[in-house]
Amino acid sequence: MALQQTKPAPPDADKRWKLVNAAMRRNGYAGHALIEALHAVQDAFGYLDETSLRFVAESLDLPPSKVYGVATFYHLFTLKPKGRHACVVCTGTACYIKGAGGLIEGVEQGFGVVPGETTPDDRLSVLTARCVGACGLAPAVVLDGAVLGKQTPDALVAELNRLE
C-alpha cells in the first residue's frame, strides 16, 4: 500500500496558485519538472519571490537551495517584479566605446535606479545586455522591444520621461 504524500497548501488564496499546482500535478510533483514549475510561477505572478520558491521546493520535495540555484542560474527567471516598461542598455564593445556608460549614468541620475533594478513606482526596469546586435547604431538601447540607436544620455532620459 503506497502512502500518499500530502502537498503543501498554497501560500495564500490567490487563484493563480491553481495554475502553478496544475503544472506541478501534470508532472506528478516530480523534481525533474522544477524548471516547468518555476516557469508556471513566473507566468502566473511575473517573477519568483521567496514565498513562491519555498512553495515549489516543498511541493516538489526539493531542497530550497536547489530551487534557488536553478532560479538564479537561468537568466529567463527574475526574482524581482518587473516595471511596466523595460529599458535595456547595450554594453557590448561598440556601444561601450560609444558611450553606454554615460547612458547608464544618465538613467541612474534621472530615475534613481541602477541596472537590474526597478523604480519604486514599478514604472521602469533598467537592464543591461552584452550585445543587442545593433552595433552600427551604437550606443543602442532596447526600450519595450524597440531599438533606439545613437542615443545620448539626455535623449534617453527624455524618451523615458515620455513613458506613462
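No value in this document is a laboratory result; all are computed from the given coordinates. Keep in mind that this is a model prediction, so the values were computed, not measured. Cβ coordinates were reconstructed from backbone atoms using ideal geometry, including for glycine residues, and neighbour counts include every protein chain displayed.
Just a few scattered comments:
- At R0 = 45 Å, FRET efficiency that the Cβ-Cβ distance of Arg54 and Asn161 yields, to 0.05: 0.70
- Isotropically averaged projected area of the chain, using the convex hull of Cα atoms (one quarter of hull area), nm²: 11.4 nm²
- Rg ratio for region 69-164: its Cα radius of gyration over 2.2 N^0.38 Å, N being its residue count, equals 1.04.
- Those Cys residues of the chain for which no other cysteine Cβ falls under 4.7 Å: Cys87, Cys131, Cys135
- Taking chymotrypsin sites (Phe, Trp or Tyr not before Pro) across region 74-164, the ones in a DSSP loop with at most 14 further Cβ atoms lying within 10 angstrom of their Cβ are Tyr74.
- Beta bridges by DSSP in region 85-161, antiparallel share as percent, to the nearest 5: 55 percent
- Shape box of region 108-164 [Cα atoms, principal axes, largest first, Å]: 33, 21, 19
- For the chain, a Gaussian network of Cα nodes joined below 10 Å ranks Ala129, Ala138, Ala71 by mean-square fluctuation, and the top entry is Ala129.
- Gain in span if fully extended, Ala13 to Tyr96, counting 0.36 nm per residue against the direct Cα distance: 25.2 nm
- Most mobile listed residue (Val147, Val56, Val126) in the chain, GNM with C-alpha springs under 10 Å: Val147
- Tail fraction, Cα-Cα pairs, region 73-129, threshold 16 Å, whole percent: 43 percent
- Computed label-point distance, nm, for sites His75 and Asp61 using a 7 Å Cα→Cβ extension: 3.6 nm
- Cα-based Rg and Dmax for region 16-73, where Dmax is the largest Cα-Cα distance (Å): 9.8, 26
- Amide H within-cut-off set for Thr128, under 5 Å, with H built and near neighbours excluded: Val89, Gly116
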